[in-house]
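Chemist: Structure in structure tokens, see below.
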Amino acid sequence: MDGDSPVMQWTFLAAAILCEVGATLSLRVAATRRGLYVVVTAGYLAAFSLLSLALGEGLGLGVAYGIWAAAGVALTAIASRIIFAEPLTPLMIGGITLIIGGVLLVELGATH
């Protein structure tokens with residue numbers, strides 16, 4: 001693909017993030033149910049394929065990876081709290097907030 005479609009860039013990136021978070025959450029379960037490693041592998045393959053499509057549409061690597069990492073950390077921590085009853089302390093929430101702030105600064109810096 002040789003586009004520069006902002007809609008497609010962000011759509012592919014959002015889908016990549018959701019696949020990565022799904023694969024990571026599945027990894028937690030796969031530790032005790034080995035058959036789920038197929039789901040984990042498929043999720044990560046889909047995530048990297050979708051990230052590649054986002055980059056092919058013109059999204060910058062630094063911006064894409066920063067958003068991916070921040071969203072992945074935040075969504076995985078929140079989903080782990082909901083699904084697995086793992087801790088989500090105020091300090092962790094503060095860390096997630098700092099990560100998001102850092103990614104926003106990277107995004108703002110990339111536009112100047």
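Read the figures in this text as sums done on the coordinates, not as results from a lab. Keep in mind the model is a prediction, meaning the values are calculated, not measured. Cβ placement follows ideal geometry from the backbone for every residue including glycine, while neighbour counts extend to all protein chains displayed.
Chemist: Collect residues whose amide H, placed 1.01 Å from N in the peptide plane, falls under 5 Å from the amide H of Glu86; neighbours closer than 5 in sequence don't count.
Modeler: Arg81
Chemist: Sticking with this structure for a sec: Tell me, what is the percent relative contact order of the chain, built from C-alpha pairs under 8 Å that lie six or more residues apart?
Modeler: Working: 111 pairs, mean separation 34.7, N = 112.
Once normalised by length, the contact order is 31 percent.
Chemist: Tell me, Glu86, Glu57 in order of fewest to most beta-carbon neighbours within 10 Å?
Modeler: By the 10 Å Cβ count, ascending, the order reads Glu86, Glu57.
Chemist: Within the chain, which complete DSSP H helices have Cα atoms spanning at least 24 Å along the helix axis and a mean Kyte-Doolittle hydropathy of 1.6 or higher? The partial results should precede the final answer.
Modeler: Details: long enough: 6-30 (35 Å, 1.28); 37-56 (28 Å, 1.79); 61-84 (32 Å, 1.67); 90-110 (30 Å, 1.97).
Membrane-span-like by this rule: 37-56, 61-84, 90-110.
Chemist: Hey, fewest Cβ within 10 Å first, where do Thr76, Thr97, Thr11 land in order? Could the numbers behind the result be given before it?
Modeler: Numbers: Thr76 19, Thr97 11, Thr11 15.
With the sparsest Cβ surroundings first, the list reads Thr97, Thr11, Thr76.
Chemist: Please compute the modelled spin-label separation between Arg33 and Ile82, points set 7 Å along Cα→Cβ, answer in nm with one decimal.
Modeler: Distance between the two pseudo-spin positions: 1.9 nm.
Chemist: If neighbour count is taken as other Cβ atoms inside 10 Å, put Tyr37, Tyr44 in order from fewest to most.
Modeler: The fewest-first ordering by Cβ neighbours comes to Tyr37, Tyr44.
Chemist: Separate question: What FRET efficiency, computed as 1/(1 + (r/R0)^6) with R0 = 22 Å and r the Cβ-Cβ distance, is obtained for Leu104 and Val7, rounded to the nearest 0.05?
Modeler: Using R0 = 22 Å, I get an efficiency of 0.60.
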